[in-house]
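J.: Take a look at this one; I'll ask things after.
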Amino acid sequence: SETLLFDIEHPDAPVRGCALRLAADPAAYTVFPAYDMPRQHRVMSLVAEHTDLPVPRVLWLEEDPAPLGSPFFVMARAEGRVPPDVMPYTYEGNWLHSATDAERAELQEASISLLARLHDQFPAKEAEFLLPAGQGSPLRRHVDAQRAYYAWVVEGLARSPLLERAFDRLEELWPADEGEPVLNWGDARIGNVVYDGFRPAAVLDWEMAACAPREVDLGWTVYLHRFFQDLTVGFGQPGLPDFLRREDLERRYAELTGHTPRDMEFHTLYAALRHGIVMLRIAYRQAYFGEVEVPADPDGLILHHDSLAAMVQGTYW
């Protein structure tokens, strides 16, 4: 989605600073098959209603594409700073990398608390509208939806042997007890949080919200940091090896919720697989616009193919 920032200058304005989320143009070789703005608007409204998470106040939803070319919604703009993706916050030269160990520990504690509070406070029944169509448990439906997404990504294009091996490995690791579903943030990572100092001021990007076991969200949080950390180490920098470590996040989540994370080998692999599908779609999008050429081995288009392969082989952790 596109994010546009603007101010309202009017004596009766309900808010001054605004952020507008605009659905992507379907003709622009989008990363995802659909951009459901009413769904995002509803999720954010419900999270604000049922939890104490600092979700931006949603103001208006416009489903008619006529005014701006796509459906959109408007929310109050939050002030603060966000850990960067480009270059990643694990690289030198940004505010989070330059922070002290104590400051990063404060941010880590506040961030894992967001996930714990979301999962504990939000009524699970209210999240069921997010379940994909199909049969089976919430986790089975979630994985089946990812299979459908992968099929959409590779339609008419080279398939990824690595991603398909990862799907097979998931079946071998499938949890004996999947756990009860909760509302998942979906894109649960610190790059989607606006921080005031080192405390969360706004939790953003709910387009991947889902009804799924707690570990789906936690696995994404763990792996998305590892993605940036591995990338940084691969380019010769130490990164932040003591920050957002899997064992620390699992331990603290258990202390905050009373729920001990389980089957995390499955869930971190699942996160890496999901991220791999997105990476493949982005690469095919670049090829579509002539920015890159597709190699003989399409797995080379997946930036983290080495770590994903190690997870499939059971040698990563």
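J.: Of the residues Gly290, Gly300, which single one is part of a helix (DSSP H, G or I) and surrounded by fewer than 15 Cβ atoms within 10 Å (Cβ to Cβ)? Even if it seems obvious, please write down each step before you answer.
T.: On the way: Gly290 fails: part of a helix (DSSP H, G or I).
None of the others qualify; the one that does is Gly300.
J.: While we're here: Quickly run through segment 170-185 and pick out the residues that are over 18 Å from Pro83 (Cβ atoms) and buried (at least 18 other Cβ atoms within 10 Å of the Cβ).
T.: Residues of segment 170-185 over 18 Å from Pro83 (Cβ atoms): 170-184.
Within segment 170-185, Leu170, Glu178, Gly179, Pro181, Val182, Leu183, Asn184 meet the criteria.
J.: Follow-up question, since we're still on this one. Kindly provide the set of residues from segment 1-32 that are of a type in the set (Asp, Glu) and assigned to a loop (DSSP other than H, G, I, E, B), ordered by number. Steps first, please.
T.: Step one: list which residues in segment 1-32 are of a type in the set (Asp, Glu), which gives 2, 7, 9, 12, 25.
Glu9, Asp12, Asp25, listed by residue number.
J.: Shifting gears a bit: Given the criteria modelled with pLDDT of 95 or more and either part of a loop (DSSP other than H, G, I, E, B) or touching a Gly at 6+ places or on another chain (Cβ under 6 Å) (or both), does Pro200 qualify? Even if it seems obvious, please write down each step before you answer.
T.: Numbers: modelled with pLDDT of 95 or more: yes; either part of a loop (DSSP other than H, G, I, E, B) or touching a Gly at 6+ places or on another chain (Cβ under 6 Å) (or both): no.
The answer is no for Pro200.
J.: Sticking with this structure for a sec: Hey, among the residues in segment 149-196 that are touching a residue at least 60 places away in the same chain (Cβ under 8 Å) and of a type in the set (Lys, Arg), which one's nearest to Thr268 (Cα to Cα)?
T.: Result: Arg169.
J.: Kindly establish whether Leu269 is in contact with a Lys or Arg (Cβ under 7 Å, 6 or more places away or on another chain) and either surrounded by 18 or more Cβ atoms within 10 Å (Cβ to Cβ) or part of a helix (DSSP H, G or I) (or both).
T.: Values: in contact with a Lys or Arg (Cβ under 7 Å, 6 or more places away or on another chain): yes; either surrounded by 18 or more Cβ atoms within 10 Å (Cβ to Cβ) or part of a helix (DSSP H, G or I) (or both): yes.
Yes; evaluated as a whole, the condition is true for this residue.
J.: In addition: Say whether the condition of being in contact with a Pro (Cβ under 9 Å, 6 or more places away or on another chain), outside the structural domain of Pro54 (by the TED database) and either without any contact (Cβ under 8 Å) to a residue 12 or more places away in the chain or part of a strand (DSSP E or B) (or both) is met by at least one residue in segment 135-144. Can you show your working first?
T.: To start, the set of residues in segment 135-144 that are in contact with a Pro (Cβ under 9 Å, 6 or more places away or on another chain) comprises 137-139, 141-142, 144.
Retained after the next criterion (residues that are outside the structural domain of Pro54 (by the TED database)): 137-139, 141-142, 144.
Those still in the list that are either without any contact (Cβ under 8 Å) to a residue 12 or more places away in the chain or part of a strand (DSSP E or B) (or both) too: 141.
Yes, segment 135-144 contains at least one residue that is in contact with a Pro (Cβ under 9 Å, 6 or more places away or on another chain), outside the structural domain of Pro54 (by the TED database) and either without any contact (Cβ under 8 Å) to a residue 12 or more places away in the chain or part of a strand (DSSP E or B) (or both).
J.: In segment 44-53, is there at least one residue being under 27 Å from Glu128 (Cα atoms), part of a helix (DSSP H, G or I), touching a strand residue (DSSP E or B) at 6+ places or on another chain (Cβ under 6 Å) and at pLDDT 95 or above? Please lay out each step first, then the result.
T.: Narrowing segment 44-53 to residues under 27 Å from Glu128 (Cα atoms): 44-53.
Okay, now just the ones that are also part of a helix (DSSP H, G or I), so 44-50.
Those still in the list that are touching a strand residue (DSSP E or B) at 6+ places or on another chain (Cβ under 6 Å) too: 44-45.
Then drop every residue that is not at pLDDT 95 or above, which leaves 44-45.
Yes; the residues of segment 44-53 include at least one that is under 27 Å from Glu128 (Cα atoms), part of a helix (DSSP H, G or I), touching a strand residue (DSSP E or B) at 6+ places or on another chain (Cβ under 6 Å) and at pLDDT 95 or above.
The values are calculated or read from the model by the stated rules, or taken from the named source; none is laboratory data. Just so we're clear, the structure is a prediction, and the values are computed from it rather than from any experiment. For neighbour counting, all protein chains shown are included, and Cβ atoms are generated from backbone atoms with ideal geometry for every residue, glycine included.
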